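Below is one structure, written out as structure tokens; the observations come after it.
The values are calculated or read from the model by the stated rules, or taken from the named source; none is laboratory data. In this text, all values refer to a predicted model and were calculated from it rather than measured experimentally. FYI the Cβ positions are ideal-geometry reconstructions off the backbone, even for glycines, and counts take in every protein chain you see.
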Amino acid sequence: MKETIQIHADGLKKIRDINERFVSYNIEMTEVTGGTFWRAYTPEQIAGTKEFPPVKDFTELAELMQVYPPIDLYEEKIRRFAKALGKVYIRVSGSWATDTYYDFDGHTNGVAPQGYKSVLTKEQWNGVLDFIKAVDAKLLVSVSNCAGDHADGKPWTPEQAKILFDYSKEYGVPISAAEFMNEPNVLPMSPPAEGYGGAEFGRDQDTFFRFIRENYPEVLLVGPCACADSFDGGEQAMMKTLQSIPTEELLSYCKEDADVFSYHCYAGISERGASLGGHWNAEDALSERYLKVASDAAENYARIRDKYYPGVPMWVTESADAGLGGNTWGSTYMDVIRYADELGRFAAITDGIIFHNTLASSDYGLLEHATHSPRPIYWLIYLWNQLVGTEVYDSGEKVREGAHVYVHSRKDGEPGYTYVIINNSKTDVTTAELPADGELYLLDAQKLRSQELRVNGEVLKPIEGGNLPAISPRLASKGTIEIPPASVAFLIV
């Protein structure tokens, strides 16, 4: 069904202000230390011409991994592209951070002590801190909570965390925010001690929060880093086979309040684990049901936030198209539709920050792992941070197929609005009625699974020397303009 939307140049109702670092990202701890991460898809699987054989159960997940060397965060190219994204938070965490030992004096010779799986060296952490400084970011971390932190089954203690926080502060790049551990809901998969569950997590997170408040009061406490909750029994229920602990149960054991409520939002599980439940097929990737997953999660986690930590900001500390490294189309233009819509929906529901997972690893990375070349979703975030301001307005339009409309202030501070218009219809044009001339940045691609993104018909790619190209709008004249099927429009009025 063809849709028509009305554009306004003034008079819209303001909803809220959002964080200036609204669109941020993760660097996985395994990227920093080197180690296993999700095996890349083949070109044929990305193109959709060859199926990916899913695993039968979790015992086979190791077969889907490969070993990667540590990322070079001093590389000029990756720093240039990261800095171009503007003000962000960078989260160094992930499941691998839960088992990482901090060896800043070299006494382990790179061999992980008993109970840990990897070692973070001083040189590797210097690379992170120098990167944070170079791109003008703020740093969010989570700390280890594994068997090595629970000798003889004893409660967690802060000795390891103290090394990380003290060194970072002394280096001149203090940690700005901290989660206790990554995804405590799935503790039954790999408990740090026998019988470790929600009660033990609550006890240990309380210890961590008190330790931080007493020693580093400037650090924001973020939690519980939730995942795997099921809402209304829909397909957005991730990894249904997990023996996960509901977030509300986890929080019922926590006495210390967080400064920020955090959760993870993946639209489902990738082809790598499709047989485990919660996977969406590519033909559904522009559907209303699929795109609604993010707002369902935000609304339900906001309800939990309001019950346990009322009034605090809400951060999505991991977000991507699919858990287990992303779908075969995660590195293509197809995922631009989903992420643009998630950003719009989240800002309309609550304030906070969304951390895309990841900067440069696996198929959901903003940059391709080997070459660090920008993927389509990188260009979306680059344009968002160039054009979209922090004031959020009610568009007056009901979200419907072909017309997902979100309105913010202009990033340049001029009067008027930046409209983000998503036409998720695969067949029908959407018409926008303009009260005055505007500027249009129309994002599309030759095909949905393209690994190139176009703006106003021109493919975006770095220019000679690796610099970012100048991106110019085209005139959107007063009257009507057409938003083609499967496209995203930034319209400045």
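Meeting the requirement of 3 or more residues that are of a type in the set (Ser, Thr, Tyr) and either closer than 22 Å to Ile354 by Cβ or modelled with pLDDT of 95 or more (or both), the strands (runs of 3 or more DSSP E) wholly within the range 96-144 are 100-103.
Residues in the range 1-59 that are of a type in the set (Gly, Ala, Ser) and in the same structural domain as Lys87 (by TED's automatic domain parsing): Ser24, Gly34, Gly35, Ala40, Ala47, Gly48. Only one entry of Lys138, Lys133, Lys169 meets the criterion of being in contact with a Lys or Arg (Cβ under 9 Å, 6 or more places away or on another chain), closer than 23 Å to Arg79 by Cα and among the basic types (Lys, Arg), and that entry is Lys138. The residues of the range 452-470 that are in contact (Cβ under 8 Å) with a residue 24 or more places away in the chain and closer than 25 Å to Gly402 by Cβ, listed by number, are Glu452, Leu453, Val455, Leu460. Looking only at the range 304-341, residues that are over 16 Å from the mean Cα position of the chain (by Cα) and modelled with pLDDT under 95 come to 1 in all.
Taken together, Tyr382, Tyr378 contain a single residue that is at pLDDT 95 or above, of a type outside the set (A, V, I, L, M, F, W, C) and buried (at least 24 other Cβ atoms within 10 Å of the Cβ), which is Tyr378.
Could you tell me whether the range 385-395 includes any residue that is modelled with pLDDT of 95 or more, closer than 22 Å to Ile71 by Cα, assigned by TED's automatic domain parsing to the domain that holds Thr350 and not hydroxyl-bearing (Ser, Thr, Tyr)? Within the range 385-395, none of the residues are modelled with pLDDT of 95 or more, closer than 22 Å to Ile71 by Cα, assigned by TED's automatic domain parsing to the domain that holds Thr350 and not hydroxyl-bearing (Ser, Thr, Tyr). Of the helices (runs of 4 or more DSSP H) contained entirely in the range 247-354, those carrying at least 2 residues that are of a type in the set (S, T, N, Q) and surrounded by fewer than 23 Cβ atoms within 10 Å (Cβ to Cβ) fall at 288-308. Elements of the type strands (runs of 3 or more DSSP E) sitting completely within the range 375-438 and holding at least 2 residues that are under 24 Å from the mean Cα position of the chain (by Cα): these cover 388-393, 404-410, 417-423. Scanning the range 174-192 for residues that are without any contact (Cβ under 8 Å) to a residue 60 or more places away in the chain, assigned to a loop (DSSP other than H, G, I, E, B) and touching a strand residue (DSSP E or B) at 6+ places or on another chain (Cβ under 7 Å) yields Ile175, Phe180.
One line per residue, one yes/no per condition, for (1) surrounded by 15 or more Cβ atoms within 10 Å (Cβ to Cβ); (2) in contact with an Asp or Glu (Cβ under 6 Å, 6 or more places away or on another chain); (3) closer than 24 Å to Ser142 by Cβ:
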position	(1), (2), (3)
Glu3	yes, no, no
Ile15	yes, yes, no
Asn19	yes, no, yes
Phe22	yes, no, yes
Thr30	yes, no, yes
Gly34	yes, no, yes
Thr42	no, no, no
Ile46	yes, no, no
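When the residues of the range 74-130 are filtered to those that are closer than 15 Å to Gly34 by Cα and within 18 Å of the chain's Cα centre (by Cα), the one that is surrounded by the most Cβ atoms within 10 Å (Cβ to Cβ) is Ser93.
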